[in-house]
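Please read the structure below before turning to the comments.
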Amino acid sequence: MLDLSFVRANLPLVEEKLRARGQDPAALLGDFHAVDALRRERITEIEQLKSRRNKLSEEIGNLKKSGQDATAHMEETRELKQKIDSLEAASRQAEDQLRAILQRIPNLPHESVPVGRSEHDNQEVRRWGQLPEFGFQPRPHWEIGESLGILDLERAAKISGARFAVYWAEGARLERALISFMLDVHTREHGYTEVLPPFMVNSKSLFGTGQLPKFAEDLFRCADEQGFREGEYRDSDHWLIPTAEVPVTNLYRDEVLDEAKLPVLLTAYTPCFRSEAGSYGKDVRGIIRQHQFQKVELVKFVKPEESYNELEKLTSNAEAILEKLGLPYRRVLLCTGDLGFSSAKTYDLEVWLPGQGLYREISSCSNFEAFQARRANIRYRPQGKGKNEFLHTLNGSGLAVGRTWLAILENYQQADGSVRVPDALVPYMGGQTVIAPK
């Protein structure tokens, strides 16, 4: 969420940044200026009336002490109270309107983000790795997984419906191996602390990271006693997490961290649940787009002046997993029109899938600046300063496990139908080097 005073002082800039995102400033900001002016006017009136009331109270006391009639002063005081109560109600209403406006405004793009309308305007930053060459026609992962007996989409559809998967034998073990491998690299080599958070969160947590209210349809809500209503964020309802970003970021909601402890680097494995609203007809083959998938997440809490340097480090940490696995990829800088709601700057990592002949996103690494911290009220205590400030939050996939799994099948497939296990995963697979047809 943006700071009210910043929006007030920089309204033309905010409008320009929203247009760069492809958003209509008028639709998002509404009558911001008028509501803000009305609120400030009411506050000024309230202060003036309270000053008059305080003066009257002092005069009433003096009149009573001297035995004089204070009735007129007391009547005026009662009238002032009624006016103050009415003005305070109007001020609260205007404040609620401003809060609602601020809650629906997306984060503003960083100056280094290229202006564009869609993913077609994203900028490729670099590529890594040699694309594999095959002496045969490479197959997509769903064909490889089925022929090896390690991926079962038919039975998954029977027990859960579309967009679910069952992994068998070495397929299940490969998924587990990837999770352990990623966590080990991030904790042992990159300095992250592992955390295992709950897989269900309340609506306050989803509001804090920016999923609510805008993306309610993309989430799975548990059937609690009360349904979700916009603007009503409780700590007693439950939603399945769309990503570990939500519970991990909210670990410090409504807390103040010491500057000496920053940056805080956390990594977490969790399953993720997404309804994929609006994506029907997209990626219907295989396991690219699932309602449930596994992911290892990277989350950072940092000082504002260090956040963009930390974004580069976080992105490199995610890239390290791909490089250790020998998976070719490219880094892409998202344009303004393709940024997520809460992000100020995002890099996507896209892995090469030879069975489909294209690059697909496998990690999204973002700097949210103070946007999430303001929504979740996460501050830090700067040394030598008396006032707490909002810190910056970052997160990225390190990596999406299912998409890494399928990238291995497609990049390491062999002519005889087998799949070679990347060297880095052999110890996690109990020494197994090949997944072969039965």
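Things worth noting here:
- With K and R counted +1 and D and E -1, the other residues having a Cβ less than 9 Å from that of Lys300 yield a net charge of 0.
- Cα long-axis angle, helix 71-104 against the chain (0 to 90 degrees, to the nearest 10): 20
- Long-range tail of P(r) for the chain (Cα pairs > 33 Å, %): 45
- Carbon/sulfur fraction of accessible area - the chain, other protein chains in place, 1.4 Å, %: 47
- Accessible surface computed residue by residue for segment 38-89, with neighbouring protein chains in place and a 1.4 Å probe, gives 72 Å² per residue.
- Segment 301-364: C-alpha gyration tensor shape, a/c 1.5 cut-off, then a/b vs b/c: oblate
- Taking a ≥ b ≥ c as the square roots of the eigenvalues of the alpha-carbon gyration tensor, segment 322-405 is classed prolate because a/c is 1.5 or more and a/b outweighs b/c.
- In degrees, nearest ten, helix 11-20 long axis to first principal axis of the chain (Cα): 20
- Within the chain, percent of DSSP bridges classed antiparallel, to nearest 5: 90
- When the Gaussian network model of the chain links Cα atoms closer than 10 Å, the mean-square fluctuations of Ser180, Ser112, Ser366 top out at Ser112.
- Rounded to the nearest 10 degrees, the inclination of helix 401-411 to the longest alpha-carbon principal axis of the chain is 30 degrees.
- Sequence-distant residues sharing a close amide H with Asp237 (under 5 Å, placed H): Ser203
- Taking Ala318, Ala165, Ala244 in turn, the Gaussian network model of the chain (Cα-Cα springs below 10 Å) assigns the largest fluctuation to Ala165.
- Alpha-carbon centroids, segment 276-336 and segment 343-375: separation in whole Å: 4
- Ranked by the mean number of other Cβ atoms within 10 Å of their residues, highest first, the peptides 146-155, 49-58, 337-346, 129-138 fall in the order 337-346, 146-155, 49-58, 129-138.
- The listed peptides 67-80, 401-414, ordered by packing as a protection proxy, come out as 401-414, 67-80 (highest mean of other Cβ atoms within 10 Å first).
- Residues considered: Ser205, Ser316, Ser160. Largest GNM mean-square fluctuation over the chain, using C-alpha springs under 10 Å, is found at Ser160.
- Relative packing of 351-358, 387-394, which averages over residues the other C-beta atoms within 10 Å, highest first: 387-394, 351-358
- Gyration tensor (alpha-carbon) shape descriptor, segment 63-211, a/c threshold 1.5: prolate
- Using the rule -39500 (n - 2.57) for each DSSP H run of four or more residues, divided by the residues of the chain, the 222 nm mean residue ellipticity is -12500 deg cm²/dmol.
- Cα centroid of segment 381-438 to Cα centroid of segment 29-70, whole Å: 62
- Accessible area per residue, Å², segment 274-373 with all protein chains present, probe 1.4 Å: 29
- At 1.306 mPa s and 10 °C, Stokes D of segment 150-216 from Kirkwood alpha-carbon radius, µm² per second: 105
- When only Cα pairs below 8 angstrom with a gap of at least 6 residues are kept, segment 326-381 shows a relative contact order of 31 percent.
- Here the extension length gained between Asp24 and Ala157 equals 43.8 nm, from 0.36 nm per residue of separation less the Cα-Cα distance.
- Unit charges at the beta carbon, dipole of segment 190-309: most positive-side option, Leu196, Gly210, Ile287: Ile287
- Mean separation of Cα pairs under 8 Å and 6 or more residues apart, divided by the residue count, gives the chain a relative contact order of 20 percent.
The values are calculated or read from the model by the stated rules, or taken from the named source; none is laboratory data. Because the structure is a prediction, the values reported are computed rather than measured. Cβ coordinates were reconstructed from backbone atoms using ideal geometry, including for glycine residues, and neighbour counts include every protein chain displayed. Quick note on the areas: whole protein, heavy atoms, side chains included, nothing else; ligands and nucleic acids left out. Shrake-Rupley method; radii C 1.70, N 1.55, O 1.52, S 1.80 Å.
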